[in-house]
Structures are given as C-alpha cells and as structure tokens.
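Notes to accompany the following structure.
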Amino acid sequence: MAVLLRGTSAAAATTAAPSSALLATTFCRARGCGRLLPAAPRLQRAFAARASAQPLEVCAKESITVPGRLGDCPFTQRVLLTIEEKHLPYDLKLINLANKPDWLFEINPEGKVPIVKLEEKWIADSDVITQTLEEKYPEPPLATPPDKASVGSKIFSTFIGFLKSKDPSDGTEQALLDELTLFDSHLKDNGPFVNGGAISAADLSLGPKLYHMEIALGHYKNWSVPDSLSHVKQYMKELASGILSLLELSFQSIFSMDSFAKTQALQEDVIAGWRPKVMG
C-alpha cells in the first residue's frame, strides 16, 4: 500500500493503488516563501520557472504511528530538505514499508526508500540523490567544501552505538561525547554552521540525524547534549531556526518554519523507529 500526499496535512492524503501515477499537488517553497534578497533577481526568476516545472517524484517511508504522515527516516528528510532549499516542486508518495507494493521493486529492486525520479530515471541513496540535485540545480549552491564535508560525520554512528548499548561502562557514551566535542570545537572556530555563516549540504545531512539523536536518547536513556558543548547546542537551535530558504531574510521557529517542520518525522515515529535497535 502507498499513500499519495495531496496537500501539507495528513487529512489531505489519499490512498492510491500501486498502479496509480505518482502525481499530486506540488509542494514548492517557491510558491509562498518569505522575502528574497533584492540582489538575487536571477534566482527569483529561476525559482519562478521551477515552480511551474514538472515536479520530481519522491517515494518515502510512511509513518508507522499516523497513517498518511511522513515517516521517520533522517536520510529521507535530508533529501526533502535539499529539494526544498533548491525550490523544486515535488510529489511525495508515502510507502508502507511493512507492506511494500510490487511496483516499488520494479523501480528499485532493493525496495528501499528514499528514491527520486529525475529525468525519467529513478535514483536511490541519499548521497547520490543530493549530489545529483546539486549538479543539475546548482543554484542556490549547497555543496560543502571538501575539507569540511566530513565534519560531524561520525556522530550518527556513535549515537547508534550508545543507543544500542546495555553496558554503561562500554565506552559508547564517551565515543559519542568525543565526536560531539570535536564538532563543538569546529563550530567554535568555524561556525555557526559547518561551512561558516551559510547552511550547506553537510548541515542538511547532519540536522535530521541530530533531531533523531535528541529524541531517541532523551526517550530511551534520559540523555541530552551536555551544556558544556554550548556550540553544538546553539547549532541545533540555529538549525531549528535557520533551515529556511537560503535567501529568506527572516527566521522562524522550528515549529512554524516551512522547510524543517514540513519534512521532519513525528517524535512518536522517531521513538518507535529506534525501538528495535534498543530492544534487539
């Protein structure tokens, strides 16, 4: 079974048969975004043209707690944030991973999501998808310089190790703290974001993972980022208020902003999604 979103709310979602075309009302930041910088008329024209273009087709995990809502995959959120920041229209089809439709295996034999259809070709893997989008739609630029591309890249794996751990003395908590401390030092010297003052692809990848870390460790281990890592805590606040169009002047809270709020998973899904790792 799959759900085809036809609006921004779950109430506007409808169930679609596997043979249905992946068409729905377009989500597009360019249709109702905040003010753009006056110095960027070229980008304004590009965004306006994209708003009327054929939307990308995106298959993503459906919520396991609330049918018709986006599920709890940080890699999918990374892809959707990239699409949002590029001001690209897209249609989102939600897949019940417990009951995958046959057609999903026809377009991706592994049956995994996210996958995106771009120029009649289905692309899998969030790394490949976001790189392809950057190459095809270079404005606004999101690429992170090579020397900073790996910043914070070990936080997610050490978070998982700590989450799964049942031995308080096995060093997994310290491994996570070590990675967060390195990241804190980087932000202190280079912040407020990975690449300085501008949000880049590294932030769009790391942000959803930190969101999962905060919720999962808070729920299962009553753990949070120490106050001593003030730059990491501020970074998470900056991401909460800062993942908007790179050209918008005003910033909103994470709960009201368009980009992160539209693409983030429900907390209940994040908790349920990590439960097998904790209980296994």
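A few notes on this one:
- Each residue of the stretch 147-152 is assigned a 3J(HN,Hα), and the resulting list reads 6, 10, 5, 9, 4, x Hz, derived from the Karplus form 6.51 cos²θ - 1.76 cosθ + 1.60 (θ = phi - 60°), x at Gly and Pro.
- For the stretch 179-187, backbone phi angles converted through the Karplus equation (6.51, -1.76, 1.60; θ = phi - 60°) give residue-by-residue couplings of 5, 5, 5, 4, 5, 4, 5, 4, 5 Hz, Gly and Pro being listed as x.
- Amide H contacts of residue 144 (H built 1.01 Å from N, under 5 Å, at least 5 apart or other chain): 201, 202
- Cut-off under 5 Å, modelled amide H: who pairs with residue 195 long-range: 200
- Placing unit charges on the Cβ atoms of the charged side chains and taking the dipole of the stretch 134-180 about its Cα centre, the candidate lying farthest along the positive direction among 158, 180, 145 is 158.
- Where only C-alpha atoms are counted, convex hull volume of the stretch 137-179 per residue in Å³: 80
- Long-range HN-HN contacts of residue 123 with modeled amide H, under 5 Å: 116, 117, 118
- Order by protection proxy (mean Cβ within 10 Å, highest first), peptides 53-61, 124-132, 202-210: 202-210, 53-61, 124-132
- Relative contact order of the stretch 125-211, taken over Cα pairs closer than 8 Å and 6 or more residues apart, is 35 percent.
- In order through the stretch 159-168: 3J(HN,Hα) via Karplus (6.51 cos²θ - 1.76 cosθ + 1.60), integer Hz, x for Gly, Pro: 4, 4, x, 5, 4, 6, 5, 10, 10, x
- Charged side chains reduced to their Cβ positions (Lys and Arg at +1, Asp and Glu at -1) give the stretch 51-147 a dipole of some 320 debye around its Cα centre.
- Converting the Cα gyration tensor eigenvalues of the stretch 77-192 into ellipsoid dimensions via √(5λ) gives semi-axes, longest first, of 32, 23, 10 Å.
- Simple Cβ-charge dipole of the stretch 81-203, Lys/Arg +1 and Asp/Glu -1, about Cα centre, in debye nearest 20: 220
- Per residue solvent-accessible surface (Å²) - the stretch 47-175, probe of 1.4 Å: 46
The values are calculated or read from the model by the stated rules, or taken from the named source; none is laboratory data. The model shown is predicted, which means the values in this text are computed figures rather than measured ones. Using ideal geometry, Cβ is built from the backbone for each residue, glycine included, and neighbour counts are taken over all protein chains shown. Just the protein is used for accessible areas: all its heavy atoms, side chains included, with ligands, DNA and RNA removed. Shrake-Rupley method; radii C 1.70, N 1.55, O 1.52, S 1.80 Å.
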